[in-house]
Amino acid sequence: MQALVIVAHGSHLNPDSSTPTYDHADRIRETGAFDEVKEAFWKEEPSFREVLRTVESDEVYVVPLFISEGYFTEQVIPRELRLDGWDIEEWDSEDGVSATQATLGAGDVEKTIHYCGPVGTHEAMSDVIVQRAESVTADHDADIDDGFGLAVVGHGTERNENSAKAIYYHADQIRDRGRFDEVQSVFMDEEPEVDDVTDFFESRDIVVVPLFIADGFHTQEDIPEDMGLTDDYRTGYPVPGEVDGHRLWYSGAVGTEALMADVVLERAADAGADVGTAIEQVREATSDEPVAGD
Amino acid sequence: MNAPQFDALLSAAEDGIEFEGLLVEQHGDEYAVHILDEEYTELAESELHEVATDHSPYVTDWYYWTHVVDTTKADRLAFLQWLEDADGLSPPERYTKLDDGVTCHWGELAITTTVDEDGIRQYDVRHVNDIDHDAADLDTYDDPLSARDLTTYDDDGRYRPLKTAPTLQSGWTFPALDAPDLLQTIEYIYPATVPNWQREREGELDISHWRDTAERQTGIYEIIEEIDREAVEWIAEACCVDSQCTKRREWQYAEDDHLAADGGDGEYPCREPCSLVVAAARKWTTLENESEKTFQVDLTLSELRQIEEIIDTVAEGRVDEIREADVYEGANRYRARYLRAKRFDEDGELAAHEVEE
């Protein structure tokens, strides 16, 4: 038997924080690729500390629903899961975006744990960002054609340089595909700042996709206000919204995109899970479903 | 006993069956059966069928636990057996009880087990407050995944960050779950309670006491290691009693240093300070870093008592119970507004003067 455990942050205050985790887990459950699919949270239950004992399978694939390699994926999750002998070297990710998986035991259960890199740094995440951009424009009967730019928004933090690396990695990948006239990385807490997003584009239309797992204060309050899309988040924001002569198409958190389930599966498959045709099933099922949780 | 069950019996007899008072062996074309102290030997297949039919509860019970409850996880088996009070009773005795339904409480859940003529159990899960309601009067569900929505908000529509808080909403039922779906439903309503309960029964509960938990923290929670033992008593008294959580607190300050606060009477144990307690402890750690001062505040004796009533009312979560015009309650809104109008200064603060020592 093989189990998939999706580990995510969760929240004591915001009931929507865990919604994408459940949505992606449900989508993977429907494929039947795993005997068990479990969710676990840092701030909700089951906790990282106790989820493994709720699993029956001997082979467990743990996929962090986090954006970057860093504090949570390298310290908190391995510690709380009690992964035997965890060492960051196990991931062999010198550039901060290349973690794949490590196979370890765990302190409180006799199982084999395949601890995967975060979804946010998987190459398939670039597809999700593009799909998210297409979703937000298609929702308003617009097509991404000539004259569209893409801004990928990250949190950014001086405490963890990997936080920005994931953003640059996907911006570079998407730029290379030539789907958008311009692609730019912007951040909340470091330069270049999302506040000045329109300064970085010549394109009239800019799709703005925040690389966040769940919608919350940052994606629904801070970023729309910082960009000048709204003066008061409580009144909402227009899509598209006119700012400094540009049209901003703001998508909300990329992590709510249904195709995210594919990245979770890719992570587990890369770690050796037998996922059968689940990846194809999810890709097909999510191609016309814009937003998880809608 | 139905035909597939007898076929399963025949096929398992090749390797021998030994289960809860039932023993079946195959010797060539013949079978031997022991049921408690009754013994049948040299049975042809048709005779075996006759014996099995006469003792149908033993066969259907064996079939249920070995073929329907398909799990290798000891905690799941133990929980299902506990639900029907299986200890020490023979299958026929248990079936008599299950005919009427056996109800057990798990946190705020009432779980009722019944059995059909083929020994297949059915489980009804609902809030204990709904135990006397007809299922037709409740919202009915059959998919365990629906349980997630039922646990997200309380009856007042407020988010429940702690799954085991005694604020589970009522008015619903899963009236006809099978064993795997029951276990999944329980897992969503009270995560990890079944494995922890079983570990405790086996004497193997891995408790992480306050000191262990605090010393493990990093990042913004690293500071909780600094909080005094006395404050940990207050934390346990504030957060971990039955009125706040259905788990029974088993963690102490340290393994050999127990807290005086009541750990509660919950069915399942709490094996370490949860994330809510850790997050709150971080706030209390910073608050406890402030030094005490002496303030002079002018109040009547009744006003002092009123402030105590307001704190009590908030702490007990009774604010909504105080009637609009019940000005005899100190925590009544008009009473509180009057006190504020009289005693707060233009900055919206209680007029207090620090008394220099």
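The values are calculated or read from the model by the stated rules, or taken from the named source; none is laboratory data. No experiment lies behind these values; they were computed from the predicted model shown. With ideal geometry, Cβ positions are generated from the backbone for all residues, glycine too; neighbour counts draw on all protein chains shown. Keep in mind that these areas ignore ligands, DNA and RNA; they rest on the heavy atoms of the full protein, side chains included. Shrake-Rupley method; radii C 1.70, N 1.55, O 1.52, S 1.80 Å.
Kindly provide the trypsin sites (Lys or Arg not before Pro) of the range A:142-234 that DSSP labels as loop, not H, G, I, E or B, and whose Cβ sees at most 15 other Cβ atoms within 10 Å.
Values: sites: A:Arg159, A:Lys165, A:Arg175, A:Arg177, A:Arg179, A:Arg204, A:Arg234; in loops: A:Arg159, A:Arg179, A:Arg204.
Sites meeting the loop and neighbour criteria: A:Arg159, A:Arg179, A:Arg204.
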Solvent-accessible area per residue for chain A (1.4 angstrom probe, square angstrom): 38
Residue-wise HN-Hα coupling along the range B:325-331, computed from phi with Karplus coefficients 6.51, -1.76, 1.60 (Hz; x: Gly, Pro): 9, 7, 6, 7, 8, x, 8
Stokes-Einstein diffusion coefficient of the range A:71-152, Kirkwood radius over Cα pairs, 25 °C, 0.890 mPa s, in µm²/s: 160
Kirkwood-Stokes translational diffusion coefficient of the range B:67-156, alpha-carbon pairs, 10 °C, 1.306 mPa s, µm²/s: 108
Chain B: calculated mean residue ellipticity at 222 nm from DSSP helix runs of at least 4, using -39500 (n - 2.57): -11000 deg cm²/dmol
Part-to-part distance (alpha-carbon centres) for the range B:1-78 and the range B:206-231, which is given in Å: 53
Rg/Rh for the range A:216-294, where both radii come from Cα atoms and Rh is the Kirkwood radius: 1.15
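For a distance above 18 Å, tell me the whole-number percent of Cα pairs in the range B:237-318 that qualify.
Working: 2037 of 3321 pairs.
Every Cα pair in the range B:237-318 considered, those over 18 Å come to 61 percent.
For the range B:139-239, just run the numbers: alpha carbon Rg, then divide by 2.2 N^0.38 Å, N being how many residues it has. Spell out each step's value before the answer.
Numbers: Rg = 17.7 Å, N = 101, 2.2 N^0.38 = 12.7 Å.
So the range B:139-239 has a normalised radius of gyration of 1.39.
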Pair-distance profile P(r), taking every C-alpha pair of the range B:297-343, with 5 angstrom steps and integer %: 5, 24, 33, 25, 10, 3
Evaluated at q = 0.27, 0.29, 0.32, 0.33 Å⁻¹: base-10 log I(q)/I(0), Debye formula over Cα of the range B:176-225: -0.92, -0.96, -1.03, -1.06
Largest-first principal axis extents, alpha carbons of the range A:1-83, Å: 31, 28, 22
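Quick check of the Kirkwood formula: for the protein assembly as shown, what is the inverse mean of 1/r over all pairs of different Cα atoms, in Å?
After inverting the pairwise mean of 1/r, the radius is 28.5 Å.
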Of B:Ala12, B:Ala315, B:Ala261, the one that fluctuates the most in a GNM where chain B has Cα springs shorter than 10 Å: B:Ala315
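Rounded to a whole number, what is D in µm²/s for the range B:1-148 from Stokes-Einstein with the Kirkwood radius over alpha-carbon pairs (25 °C, 0.890 mPa s)? Please list the in-between numbers first.
Values: Rh = 17.0 Å.
My calculation gives 144 µm²/s for D.
Tell me which GluC sites (Glu not before Pro) from the range B:152-227 have a DSSP coil assignment and no more than 12 other beta carbons within 10 Å of their own. Could the numbers behind the result be given before it?
Working: sites: B:Glu187, B:Glu200, B:Glu202, B:Glu204, B:Glu215, B:Glu222, B:Glu225, B:Glu226; in loops: B:Glu202, B:Glu204.
Qualifying residues, ordered by number: B:Glu202, B:Glu204.
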Calculated FRET value between B:Phe19 and B:His258, using beta carbons and R₀ = 51 Å, to 0.05: 0.75
Protein accessible surface hidden between A and B, which excludes ligands and nucleic acids, total in Å², probe 1.4 Å: 2700
Unit Cα scatterers, Debye sum, chain B: log10 I(q)/I(0) for q = 0.07, 0.08, 0.15 Å⁻¹: -0.49, -0.60, -1.28
³J(HN,Hα), Karplus 6.51/-1.76/1.60, whole Hz, each residue of the range B:70-84, x for Gly, Pro: 9, 8, 9, 8, 4, 5, 5, 4, 4, 5, 4, 5, 4, 4, 9
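Counting only protein heavy atoms, what percent of the accessible surface of the protein assembly as shown is carbon or sulfur at a 1.4 Å probe? Spell out each step's value before the answer.
Details: 13210 of 30500 Å².
The C+S portion of the solvent-accessible surface of the protein assembly as shown is 43 percent.
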Helix B:301-315 axis, angle to chain B major axis (alpha carbon atoms, nearest 10°): 30
Per residue solvent-accessible surface (Å²) - the range B:10-157, probe of 1.4 Å: 51
The range B:45-129: GluC sites (Glu not before Pro) in DSSP coil with no more than 14 other Cβ atoms inside 10 Å: B:Glu117
Principal axes of the range A:163-282: Cα extent on each, largest first, Å: 49, 33, 25
